[in-house]
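The next block holds one structure in the form of structure tokens; read it before the comments.
The values are calculated or read from the model by the stated rules, or taken from the named source; none is laboratory data. Here the structure is a predicted model, which means the values were calculated and not measured. Virtual Cβ from ideal backbone geometry, glycine too; neighbours counted across all protein chains shown.
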Amino acid sequence: MEIPDGSQFGLDNLPYGVFSVGAASPRVGVRVGDSVVDLALLLADDVFAAPSLNPFMAQGPRRWAWARAETQALLGGARVPEEAVYPLPSVALHLPFEVADYVDFYASEHHASNLGRIFRPDAAPLMPNWKHLPVGYHGRAGTVVVSGTPVVRPCGQRKQPGDALPTFGPSVRLDIEAELGFVVGVGSALGTPIGTGDFASHVFGAFLLNDWSARDIQAWEYVPLGPHLGKSFATSVSPWVVPLAALAAARVPLPGQDPEPLPYLRESASWGLDIDLVVTWNGEEVSRPPYRTMYWSPAQMLAHMTAGGASTRTGDIFGSGTISGPSRSERGAFLELTWSGAEPVTVHGEQRTFLLDGDEVAITATAPGADGGRIGFGEVSGRILPATC
């Protein structure tokens, strides 16, 4: 196959997705350049004729490695059957996996510190537990949607500081969270924790995630138990899953952890990742969050998630939490970027704080590839529709 020079989707990437053409049933493919290759036809394997990645992911690391090596060999050498290749604009992209469960973490020290300064200006930015464990919350798997799905403005209770009583209505502080997500391929039994060294034996790959957040609803409901309606209305994911094998060149050490984590969270080889995200608001770039600055790694997140004996299943996903760097231009949520609305950003000449109906947010990302270039994650996007309450 011909791959354009500088493409982020060369043979060192080969992200997996689920696509359909016309009225045909969805099936698994890989993106190569500006095309999608039907893996059921290329590899003559019916596991890829399924409408999700789950059956293939459940087969485990040996099969993942075989499929990747075979696909690279066929695409790089032999002639690819014409009927297996589709131009990207001609296909519909679907949710790439059946989501079994969903957990979202809070792994960026910069993000957590900024929120602490916003909400608790007279106290320490971080809560006492934050540097001892990856803080997270259990999300709603049924509202995970593929990129491009419209997001209806949520309704819920909110209470401003000067209000005597709460009111119910549409959120007026609708926000994003630019994140990296990870999907479990091989599950684990109830009562069997997953160690940090076993991360790559269980996790299939990474994708982009936008954890849409209604900050006014969240602020009123989250004490003492945490997010609920402020988060549960929609979580958008990219249609392409980059396999862990494609991220080997992106692995970097974590920025440093002090105090040293407890033994079950220690890593012999860090799963820090050098991934650069770009956030656009109505087509205008507003932020560049760097994943390499994250305090907790995905291997530590998975280890903590299962430390109490929780089982995992094929299709479980977990998010990193908002990715933010040390500078304002690297903040991955509009709550931070505008400092809770006190410091608006300019979008197409207008001063903006939180999302309005009709706004569209898109997140893209790239990482170093094995061939010396950059590999891409595609895009996760969503447009805000008016509330229905």
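Values computed for the structure shown
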read-out: Selection from region 361-379 of residues that are in a strand (DSSP E or B), within 24 Å of residue 11 (Cβ to Cβ) and of a type in the set (A, V, I, L, M, F, W, C); value: 365, 367, 375, 377
read-out: Residue match in region 362-383 (condition: surrounded by fewer than 16 Cβ atoms within 10 Å (Cβ to Cβ) and either farther than 23 Å from residue 7 by Cα or aromatic (Phe, Trp, Tyr) (or both)); value: no
read-out: Meets criteria (under 29 Å from residue 157 (Cα atoms) and surrounded by fewer than 23 Cβ atoms within 10 Å (Cβ to Cβ)) for residue 329; value: no
read-out: Exclusive hit being surrounded by fewer than 24 Cβ atoms within 10 Å (Cβ to Cβ) and either at pLDDT below 95 or within 26 Å of residue 241 (Cβ to Cβ) (or both), set 143, 167; value: 143
read-out: Checklist (1) within 19 Å of residue 10 (Cα to Cα); (2) touching a residue at least 60 places away in the same chain (Cβ under 8 Å); (3) buried (at least 17 other Cβ atoms within 10 Å of the Cβ) applied to residue 42, failing item; value: (2)
read-out: Failed criterion for residue 80 (all others in (1) in a loop (DSSP other than H, G, I, E, B); (2) in contact (Cβ under 8 Å) with a residue 60 or more places away in the chain; (3) under 20 Å from residue 205 (Cα atoms); (4) not assigned by TED's automatic domain parsing to the domain that holds residue 259 hold); value: (3)
read-out: Subset tally (residues that are in a strand (DSSP E or B) and crowded, with 19+ Cβ neighbours inside 10 Å) for region 351-360; value: 1
read-out: Search result, residues across region 313-351 that are touching a Leu at 6+ places or on another chain (Cβ under 8 Å) and either polar (S, T, N, Q) or not assigned by TED's automatic domain parsing to the domain that holds residue 264 (or both); value: 320
read-out: Region 112-134, subset farther than 19 Å from residue 339 by Cα and touching a residue at least 60 places away in the same chain (Cβ under 8 Å), residue surrounded by the fewest Cβ atoms within 10 Å (Cβ to Cβ); value: 132
read-out: Residue list for region 219-267, filter: under 30 Å from residue 95 (Cβ atoms), among the small types (Gly, Ala, Ser) and either in a loop (DSSP other than H, G, I, E, B) or in the same structural domain as residue 88 (by TED's automatic domain parsing) (or both); value: 226, 230, 232, 234, 238
read-out: First in region 288-309 and assigned by TED's automatic domain parsing to the domain that holds residue 268 and touching a residue at least 24 places away in the same chain (Cβ under 8 Å), second anywhere and part of a loop (DSSP other than H, G, I, E, B) and among the basic types (Lys, Arg), Cβ under 9 Å, 6 or more apart; value: 289/331; 295/131; 300/266
read-out: Flag for residue 73 being farther than 18 Å from residue 379 by Cα and surrounded by 15 or more Cβ atoms within 10 Å (Cβ to Cβ); value: no
read-out: Pair list, Cβ under 8 Å, 6 or more apart: region 1-21 residue at positive phi, other residue among the charged types (D, E, K, R); value: 14/31; 14/68
read-out: Condition met for residue 152 (touching a Leu at 6+ places or on another chain (Cβ under 6 Å) and surrounded by 15 or more Cβ atoms within 10 Å (Cβ to Cβ)); value: yes
read-out: Enumeration of residues in region 148-171 that are touching an Asp or Glu at 6+ places or on another chain (Cβ under 6 Å) and in a loop (DSSP other than H, G, I, E, B); value: 171
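Residue-by-condition table, conditions (1) touching a helix residue (DSSP H, G or I) at 6+ places or on another chain (Cβ under 7 Å); (2) of a type in the set (A, V, I, L, M, F, W, C):
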site	(1), (2)
7	no, no
10	no, no
13	yes, no
19	no, yes
30	yes, yes
42	yes, yes
56	yes, yes
